[in-house]
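Let me begin by presenting the structure, written as structure tokens, before commenting on it.
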Amino acid sequence: MTALTIISRYARRPATEHDSFRDLGLDSIDRTCIAMDIEEAFGCELSDETVENWSDVAGVAETIGDLMREKA
């Protein structure tokens with residue numbers, strides 16, 4: 001599962017790794033849905049601070065990378 005796969009479910013257009021949430025038309029509800037998808041996929045709970053700090057695809061990718069390293 002990649003950040004692009006998850007974010008593309010909610011974005012108003014196809015996402016690229018350089019897009020901001022604003023570029024994609026994503027709002028706080030979309031951010032919450034993205035967080036819930038990640039939590040379900042990784043069997044974890046993300047902190048509110050982590051989710052609130054996401055502003056772009058790269059931030060979500062970093063979170064997923066951290067979770068993958070923790071599982072390894």
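We did not get these values from a lab; they are worked out from the coordinates using the rules stated. What you see is a predicted model, and the numbers here were worked out from it, not measured in a lab.
Compute the long axis of helix 57-71 from its Cα atoms, compare it with the longest principal axis of the Cα atoms of the chain, and write down the angle in degrees, 0 to 90, nearest 10. Long axis of 57-71 versus the principal axis of the chain: about 10 degrees.
Matching the structure-derived Cα Rg over 2.2 N^0.38 Å against the labelled list (1) 1.34; (2) 1.00; (3) 1.30 gives the label (2).
From helices alone, the chain scores -18000 deg cm²/dmol at 222 nm; the rule is -39500 (n - 2.57) for each run of n ≥ 4 DSSP H residues, then divide by the residue total. Note that segment 23-33 has calculated 3J(HN,Hα) couplings of 4, 8, x, 8, 10, 5, 5, 4, 4, 5, 5 Hz, one per residue in order, obtained from phi through the Karplus relation 6.51 cos²θ - 1.76 cosθ + 1.60 (θ = phi - 60°); glycine and proline are x.
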